[in-house]
Amino acid sequence: MRGIKSGVISLVAIGLLAGSSVGVTAQDADPTAQGPVEFTAKWSWGSSVRTDTMEWEEGVVMTRGGAWRPGVITGATDPRLEGAVTIAANSNRYPGGPEVWTYAFRIENDGGAWQQSPTIDLATGPEDLNTTTGVLVGEGGYDGLVAVFDNLEQGQTWTLHGYIIEGELPPDPEPFVAE
């Protein structure tokens with residue numbers, strides 16, 4: 001009798017554990033959870049809010065520390081990305097060659113802020129047309145969100161198209177080293 005009783009108890013315990021894990025899985029798959037939210041926005045260069053400095057070294061013109069308030073041509077289609085937009089940028093203009101920029105947008109509003117991870121841009125002429133990919137990390141009320149976007153830059157205008165995603169980006173890959 002003792003063997004049957006412990007066998008039944010084991011089966012009941014296994015059933016309860018299985019039921020618990022199904023309940024946990026059901027809780028994780030929240031039907032009200034929102035997936036990625038698509039957005040667009042269009043901005044242009046605007047007025048300076050911090051003057052940059054210029055230095056020359058071996059023919060390279062190095063511009064540092066500038067910040068501007070882009071003009072909003074078309075506001076973001078997601079209100080979380082509306083607000084005061086600024087861009088901070090540095091650049092190196094090489095003699096007879098390209099100008100390489102590192103820049104980052106910041107958006108601030110009553111709900112929180114978005115800070116872009118620095119992005120590199122290669123400018124090769126006044127009517128340059130290029131696309132970069134950017135990541136905005138949510139702060140304050142947007143903590144835990146990231147906005148990933150493609151930024152089509154044409155002359156003095158940026159056209160952004162992307163998605164707001166809850167959670168984290170995939171981790172950076174480990175470099176492959178042949179053995």
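FYI, it's all coordinate maths here, none of it is from the lab. Because the structure is a prediction, the values reported are computed rather than measured. So basically every Cβ, Gly included, is an ideal-geometry build from the backbone, and we count neighbours across all protein chains shown.
So for the pair residue 51, residue 124, with labels modelled 7 Å out along Cα→Cβ, what separation do we get in nm?
Inter-label distance under the simple model: 3.5 nm.
What order do you get for 42-50, 139-147 when each peptide is scored by the mean count of other beta carbon atoms within 10 Å, highest first? If you can, show how the numbers build up before the last one.
Details: 42-50: 13.7, 139-147: 16.0.
Packing proxy ranking, top to bottom: 139-147, 42-50.
Is the range 128-174 rounded, prolate or oblate when judged by the Cα gyration tensor, a ≥ b ≥ c being the square roots of its eigenvalues, rounded requiring a/c under 1.5 and prolate requiring a/b larger than b/c?
Values: a/c = 3.26, a/b = 1.66, b/c = 1.96.
Oblate, because a/c is 1.5 or more while a/b does not exceed b/c.
Between residue 172 and residue 44, what length comes free when the chain is fully extended (0.36 nm per residue of separation minus the Cα-Cα distance, one decimal in nm)? Please report the intermediate quantities before stating the final value.
Numbers: separation 128, 0.36 × 128 = 46.08 nm, distance 3.13 nm.
Result: 43.0 nm gained on full extension.
What are the ³J(HN,Hα) values, in whole Hz, obtained from phi via the Karplus relation 6.51 cos²θ - 1.76 cosθ + 1.60 with θ = phi - 60°, for each residue of the range 148-156 in sequence order, with x given for Gly and Pro?
10, 8, 8, 10, 8, 9, 9, x, 9
Can you compute the FRET efficiency between residue 86 and residue 179 using 1/(1 + (r/R0)^6), with r the Cβ-Cβ distance and R0 = 45 Å? Round to the nearest 0.05. Don't skip to the answer; put the middle values down first.
Working: r = 47 Å, r/R0 = 1.05.
Calculated value: 0.45.
If each residue of separation counts as 0.36 nm, what is the full-extension length gain between residue 133 and residue 64 once their alpha-carbon separation is subtracted?
Working: separation 69, 0.36 × 69 = 24.84 nm, distance 2.20 nm.
Contour length minus the Cα-Cα distance gives 22.6 nm.
Quick check: residue separation of residue 100 and residue 157 times 0.36 nm, minus the Cα distance between them. What number comes out in nm? Display every interim value, and only then the final one.
Working: separation 57, 0.36 × 57 = 20.52 nm, distance 1.72 nm.
Length difference between fully extended and current span is 18.8 nm.
Mind jotting down a quarter of the surface of the convex hull over the alpha carbons of the range 37-166, in square nanometres, one decimal? Please list the in-between numbers first.
Values: hull surface 30.8 nm².
Over every viewing direction, the Cα hull of the range 37-166 projects on average to 7.7 nm².
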